[in-house]
Number of protein chains: 2
Amino acid sequence: MKLDKRSNIPLYSQLKDLILERIASDIYPAGQQIPSELTLCEELTLSRPTVRQAIAELVSEGVLVIQKGKGTFVAAEPERLEIRNFNPFTYSLLASKSIADIEFSTVEKLKNSEALASSLGLPYLESQAGFWAMTWIIRNRGLEVGQCRSLIPVSLFPDFGDQIKSSKTMLDILANKYAYLPSKGQCQLAVRPASNDEAALLDVTRRSPILFADCRLASRSEHLCEIVHVIWRPDRVALNLEAGRS
Amino acid sequence: MKLDKRSNIPLYSQLKDLILERIASDIYPAGQQIPSELTLCEELTLSRPTVRQAIAELVSEGVLVIQKGKGTFVAAEPERLEIRNFNPFTYSLLASKSIADIEFSTVEKLKNSEALASSLGLPYLESQAGFWAMTWIIRNRGLEVGQCRSLIPVSLFPDFGDQIKSSKTMLDILANKYAYLPSKGQCQLAVRPASNDEAALLDVTRRSPILFADCRLASRSEHLCEIVHVIWRPDRVALNLEAGRS
């Protein structure tokens, strides 16, 4: 790519594309310093304000970062949490062998109501006894990667939340409950704008995109036994799926 | 939520939050008209410029849309293409029974090179014979949802691209090749900023986030037989995963 000084496209914008191209082709590798403003001016015979504007915009877009007193660097690729063999059971509490490592942010009992059923996309049944709702933060190297919220019907697990609060083991909690453990799962994955609360939680700007999963797990007896809602910062996670076929 | 006229948070910003809250709680449902500027001014005793700024920002954020001569509406939820039972084989050509419905944008033979191997994350082998590369657009109701690119090693399928160009059926193409069909697959799903080409292709702004999948398929004999790269517009797609467990 060459700069075209007769083009209608502003020079700073052409320079941005040139820098992006050099990053993409590893001429300016991730995490490394790029040439100084002056060097770029000389190499490409550009004015200082042109170079400065291109760099300023790439900094505001997160492509370049300025390290004070050192220079301008290509932003390092974000460290992503690789979730191996992601599937609808990955964040299920009922499918976990142990939950001793999970630090719950909240454990609460949600009363059955039309509003709750509707927010979960379920038909409202007066006989429903509500849900236990457990939330926890997903971290990687100390950084918030996302948040998980598991909902478990009180009708199937009347004491689930209380048992978690009293630090019972999963083995105790699930004793005699094996018929209600998840055996089938569905999960919807998509991207949507963060709500204000989610943006604050994940430290992203309001309405910026977040990746989410809405998982529904059913027991062998076809009872809905757990709903898991996960939200992730899209720059901090990669989901790996695995499958075989005959 | 109430507006606090003594707060440090500008009133237009509080009003934005109030409108977002009303949208979230379906007081202003998706696709429906919101009250006029004047009505909001009166209801909340706000000045016209305050209301106008809040609405203008929500319009520029895509939350509200102005329909000329009619009024201001909550943006309708985007129609998403639901991809049922998404897995690493979903967009595989080798795993397709028929490819008669696919309109390929390009079918080309990529020569073996260090650059190609490195871009595919593969070790460079001089003996490699390169890849057939097929691209096509994924559409839903006439709109571009994404793009798929399948790479198939020439060493395993020497005539694949030519056979596709001459409209051979999959049955013919795969005759005697069953040992090389995909039987295991891995897929990485994540979100990253669109490149300029991708942004143009999917009609999104430069560097806006896109959802992508990088799928690698191997035959029963452990040969890498297909690589599938998919990019999607994150507002136009939802992936559904399914799984059972014993």
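The values are calculated or read from the model by the stated rules, or taken from the named source; none is laboratory data. Worth saying up front: this structure is predicted, and the values here are computed from it rather than measured. Cβ sites come from the backbone with ideal geometry, for glycine too, and all protein chains shown count toward neighbours. When the accessible area is computed, the model is the full protein with side chains, heavy atoms only, and any ligands, DNA or RNA have been set aside. Shrake-Rupley method; radii C 1.70, N 1.55, O 1.52, S 1.80 Å.
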Taking segment A:1-41 and keeping only residues that are under 20 Å from A:R52 (Cβ atoms), within 14 Å of chain B (Cβ to nearest Cβ) and touching a strand residue (DSSP E or B) at 6+ places or on another chain (Cβ under 8 Å), one is left with A:I19, A:I23
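Of all residues in segment A:197-207, how many are assigned to a helix (DSSP H, G or I) and surrounded by fewer than 16 Cβ atoms within 10 Å (Cβ to Cβ)?
Summing the residues that are assigned to a helix (DSSP H, G or I) and surrounded by fewer than 16 Cβ atoms within 10 Å (Cβ to Cβ) in segment A:197-207 gives 2.
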Identify the single condition in (1) more than 8 Å from every other protein chain (Cβ to nearest Cβ); (2) touching a residue at least 60 places away in the same chain (Cβ under 8 Å) that A:G185 does not satisfy, given that it satisfies every other one.
-> (1)
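Output yes when any residue across segment A:72-81 is more than 13 Å from chain B (Cβ to nearest Cβ), part of a loop (DSSP other than H, G, I, E, B), buried (at least 17 other Cβ atoms within 10 Å of the Cβ) and modelled with pLDDT of 90 or more, and no when none is.
Going through segment A:72-81, the residues more than 13 Å from chain B (Cβ to nearest Cβ) turn out to be A:72-74, A:76.
Subsequent filtering for residues that are part of a loop (DSSP other than H, G, I, E, B) retains A:76.
From what's left, buried (at least 17 other Cβ atoms within 10 Å of the Cβ): none.
No: segment A:72-81 contains no residue that is more than 13 Å from chain B (Cβ to nearest Cβ), part of a loop (DSSP other than H, G, I, E, B), buried (at least 17 other Cβ atoms within 10 Å of the Cβ) and modelled with pLDDT of 90 or more.
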Would you be able to say whether some residue in segment A:55-71 is away from every other protein chain (no Cβ under 14 Å), surrounded by 16 or more Cβ atoms within 10 Å (Cβ to Cβ), under 25 Å from B:P209 (Cβ atoms) and touching a Lys or Arg at 6+ places or on another chain (Cβ under 9 Å)?
-> yes
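For segment A:208-229, how many residues meet the condition of being over 27 Å from B:T205 (Cα atoms) and either in a strand (DSSP E or B) or at the interface with another protein chain (Cβ under 9 Å from one of its Cβ atoms) (or both)?
Looking only at segment A:208-229, we keep the residues that are over 27 Å from B:T205 (Cα atoms), and these are A:214-229.
Cutting the leftovers down to either in a strand (DSSP E or B) or at the interface with another protein chain (Cβ under 9 Å from one of its Cβ atoms) (or both) gives us A:214-219, A:224-229.
Of the residues in segment A:208-229, 12 are over 27 Å from B:T205 (Cα atoms) and either in a strand (DSSP E or B) or at the interface with another protein chain (Cβ under 9 Å from one of its Cβ atoms) (or both).
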Looking only at segment A:153-173, which residues are surrounded by 15 or more Cβ atoms within 10 Å (Cβ to Cβ) and either touching a Pro at 6+ places or on another chain (Cβ under 9 Å) or assigned to a helix (DSSP H, G or I) (or both)?
-> A:F160, A:G161, A:Q163, A:I164, A:M170, A:I173
Single condition A:T106 does not satisfy, out of (1) touching a strand residue (DSSP E or B) at 6+ places or on another chain (Cβ under 6 Å); (2) closer than 25 Å to A:I164 by Cβ; (3) within 14 Å of another protein chain (Cβ to nearest Cβ) | (3)
A:S118 passes all but one of the listed conditions (1) loosely packed, with under 13 Cβ neighbours inside 10 Å; (2) away from chain B (no Cβ under 14 Å); (3) free of Cβ contacts under 8 Å to residues at least 60 places away in the same chain; the exception is number (2)
Check A:A218 against each of (1) modelled with pLDDT of 90 or more; (2) small (G, A, S); (3) out of contact with any Pro (no Cβ under 7 Å at 6 or more places or on another chain); (4) surrounded by 14 or more Cβ atoms within 10 Å (Cβ to Cβ) and name the one condition it does not meet.
-> (3)
Taking only segment B:174-196 into account, find how many residues are open to solvent by 60 Å² or more (accessible area, probe 1.4 Å) and more than 30 Å from A:R233 (Cα to Cα).
-> 4
Mind checking whether some residue in segment A:39-52 is closer than 27 Å to A:V204 by Cα and at pLDDT 90 or above?
-> yes
How many residues does segment B:230-240 contain that are within 12 Å of chain A (Cβ to nearest Cβ), open to solvent by 10 Å² or more (accessible area, probe 1.4 Å) and not charged (D, E, K, R)?
-> 2
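Table: residues versus (1) outside the structural domain of B:P182 (by TED's automatic domain parsing); (2) open to solvent by 40 Å² or more (accessible area, probe 1.4 Å); (3) part of a loop (DSSP other than H, G, I, E, B); (4) at pLDDT below 95.
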site	(1), (2), (3), (4)
B:F86	no, no, yes, no
B:F89	no, no, yes, no
B:S98	no, yes, yes, yes
B:I102	no, yes, yes, yes
B:T106	no, yes, no, no
B:P123	no, yes, yes, yes
B:Q128	no, yes, yes, yes
B:W132	no, no, no, no
B:L151	no, no, no, no
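Considering each residue of segment A:36-54, count those that are open to solvent by 40 Å² or more (accessible area, probe 1.4 Å) and part of a loop (DSSP other than H, G, I, E, B), and give that number. First the steps, then the outcome.
Taking segment A:36-54 and keeping what is open to solvent by 40 Å² or more (accessible area, probe 1.4 Å), we get A:36-39, A:42-43, A:45, A:47-49, A:52-53.
In the following step, the residues that additionally are part of a loop (DSSP other than H, G, I, E, B) were identified as A:36, A:45, A:47.
Residues flagged as open to solvent by 40 Å² or more (accessible area, probe 1.4 Å) and part of a loop (DSSP other than H, G, I, E, B) within segment A:36-54 amount to 3.
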Picked from segment B:144-182 (must be within 14 Å of chain A (Cβ to nearest Cβ) and of a type in the set (A, V, I, L, M, F, W, C)), the residue farthest from B:Q128 (Cα to Cα) is B:V145
Does segment B:215-229 contain any residue that is among the β-branched types (V, I, T), touching a helix residue (DSSP H, G or I) at 6+ places or on another chain (Cβ under 8 Å) and within 19 Å of B:I138 (Cα to Cα)?
-> no
